[in-house]
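Enquirer: The following block contains the structure, expressed as structure tokens.
The values are calculated or read from the model by the stated rules, or taken from the named source; none is laboratory data. These figures come from a predicted structure and were not determined experimentally. All Cβ positions, glycine included, derive from the backbone under ideal geometry; neighbour counts span all protein chains shown.
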Amino acid sequence: MNQRILISRTDSIGDVMLTLPMCYYLKLMLSDVTVLFLGKSYTQDIIENCPFVDEFINADDFQSSGNDKIVGFIQNLNLDAVVFALPDKRWMELFFLAQVPTRIATGHRIQSWKWATNRPMFGRKNSDLHEAQLNIKLLRPLGINVQPTLAELGAISLFKKATSTSYHRLIIHPFSQGSALNWTMKEYDELVGLLLDQGFEIVISGTAKDAIQLAEFEGEHLKKATSICGQFSLSSFIEYIGQSHALLACSTGPLHLAAVQGIHAIGLYVDRRPIHPGRWRPIGPHVHVVKESDVDQKQILTTPTLVATFLKSIMERPTTKR
């Protein structure tokens, strides 16, 4: 008998990427299952590109809808279970009102005791497990008791589309949304200056808003690199990343998009809980973490010279595309 199970994750790119392995294990471990995913417009292209998701539901479509309409919509989905990878209070209450039989959320939240039927007890903040491993713990009430290694997670092909086209291109993504420590533009400018004569293409990525910041920056070297800021849809950007050789960023969404496509993904991290790479590094076959000790710094302290040396070696290495 077919089971209909929905994963709810209505936040950012990196968080969604580390939730997708849940969909893989649902398909792997359950004999007959339809996997639905509740996400936002911002991540729709990612979720629909995952071969283990059968149906995407856009949470943004319900922003102005009343509770009765949303509850009726949920009831018509005929769900057997919902798993709250993100325990959003509003959506948890709505699935409760819709009387979905099994509602799973971590037991360390007050809203879980109000609106969930199953509450696996584990904490995230002080755990040594990776975020993707922690997410999979939420599947235990469904009879899925696996604890994959990072290598096993990195071997999963989470995207449908794979390109065999490859360019000798390094993407540098200098921007973040403030959730992780980063360099300033000055350090990225210095890095580009150290790489300009190496014989490979250097591209700066970001959003349309980031393009304004880049244009206003008065550094000497960043303006010599090609900017693609704000030029692509997310779907096109995913494909562009997959055609590249490497991507450098702090702990941001594009780093995860690079890793899962099998190109070299180089991440800048500080070994500080809860933002340490042990929890938030991307998953993929060619992930490289540049990690520094926590000295209560406000930004990444690793020098551009050290990173440039590492990047030069990376750009000489082949990758094996999935």
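Enquirer: Select from segment 146-196 the residues that are out of contact with any Cys (no Cβ under 7 Å at 6 or more places or on another chain), assigned to a loop (DSSP other than H, G, I, E, B) and within 22 Å of PRO318 (Cβ to Cβ) and list them in ascending order.
Expert: Of everything in segment 146-196, those that are out of contact with any Cys (no Cβ under 7 Å at 6 or more places or on another chain), assigned to a loop (DSSP other than H, G, I, E, B) and within 22 Å of PRO318 (Cβ to Cβ) turn out to be ALA155, ILE156, SER157, LYS161, ALA162, THR163, SER164, THR165, SER166, TYR167, HIS168.
Enquirer: So, one more: When you look at THR149, is it in contact with a Pro (Cβ under 7 Å, 6 or more places away or on another chain) and surrounded by fewer than 18 Cβ atoms within 10 Å (Cβ to Cβ), yes or no?
Expert: No: the conditions fail for THR149.
Enquirer: Let me ask something additional. If you scan segment 119-136, which residues turn out to be under 18 Å from the mean Cα position of the chain (by Cα) and either among the charged types (D, E, K, R) or in a helix (DSSP H, G or I) (or both)?
Expert: From segment 119-136, those under 18 Å from the mean Cα position of the chain (by Cα) are 124-125, 129-136; that's our starting set.
Scanning segment 119-136 gives ARG124, LYS125, GLU131, ALA132, GLN133, LEU134, ASN135, ILE136.
Enquirer: If I filter segment 101-115 down to residues being β-branched (Val, Ile, Thr) and surrounded by 14 or more Cβ atoms within 10 Å (Cβ to Cβ), which single residue comes out as farthest from LEU79 (Cα to Cα)?
Expert: Per the criteria, the residue is THR106.
Enquirer: Now for a different question. Return the residue satisfying two criteria in turn: it lies in segment 1-30 and is part of a loop (DSSP other than H, G, I, E, B), among the hydrophobic types (A, V, I, L, M, F, W, C) and modelled with pLDDT of 95 or more, and of such residues it is nearest to PRO87 (Cα to Cα).
Expert: Only one residue tops the list, namely LEU18.
Enquirer: Give ARG273, ARG281 a once-over and let me know the one that is closer than 22 Å to GLN133 by Cβ and modelled with pLDDT under 95.
Expert: ARG273
Enquirer: Okay, moving on. Which condition number in (1) within 26 Å of ALA249 (Cβ to Cβ); (2) at pLDDT 95 or above is the one that VAL33 fails?
Expert: (1)
Each row is one residue, and each column tells you yes or no for (1) among the β-branched types (Val, Ile, Thr); (2) not assigned by TED's automatic domain parsing to the domain that holds ALA249.
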{"position": "LYS114", "(1), (2)": "no, yes"}
{"position": "PRO120", "(1), (2)": "no, yes"}
{"position": "ASN126", "(1), (2)": "no, yes"}
{"position": "GLN133", "(1), (2)": "no, yes"}
{"position": "PRO148", "(1), (2)": "no, yes"}
{"position": "LEU195", "(1), (2)": "no, no"}
{"position": "ILE204", "(1), (2)": "yes, no"}
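Enquirer: Starting from residues that are closer than 17 Å to LEU153 by Cβ and in contact with a Lys or Arg (Cβ under 9 Å, 6 or more places away or on another chain), keep the ones in segment 285-306 and report whichever is surrounded by the most Cβ atoms within 10 Å (Cβ to Cβ).
Expert: Taking segment 285-306 first, the residues closer than 17 Å to LEU153 by Cβ are 285-289.
Pick out the ones that are also in contact with a Lys or Arg (Cβ under 9 Å, 6 or more places away or on another chain) and you get 285-287, 289.
Working: PRO285: 18, HIS286: 22, VAL287: 20, VAL289: 17.
So the residue we want is HIS286.
Enquirer: Related question: Only one residue in LEU268, LEU222 is under 25 Å from ALA132 (Cβ atoms), in contact with a Phe, Trp or Tyr (Cβ under 9 Å, 6 or more places away or on another chain) and surrounded by 22 or more Cβ atoms within 10 Å (Cβ to Cβ), so which one is that?
Expert: LEU268
Enquirer: Looking at (1) of a type outside the set (Phe, Trp, Tyr); (2) crowded, with 20+ Cβ neighbours inside 10 Å; (3) closer than 30 Å to PHE217 by Cα, which one does LYS186 not meet, given that it meets all the others?
Expert: Only one criterion is unmet by LYS186, namely (2).
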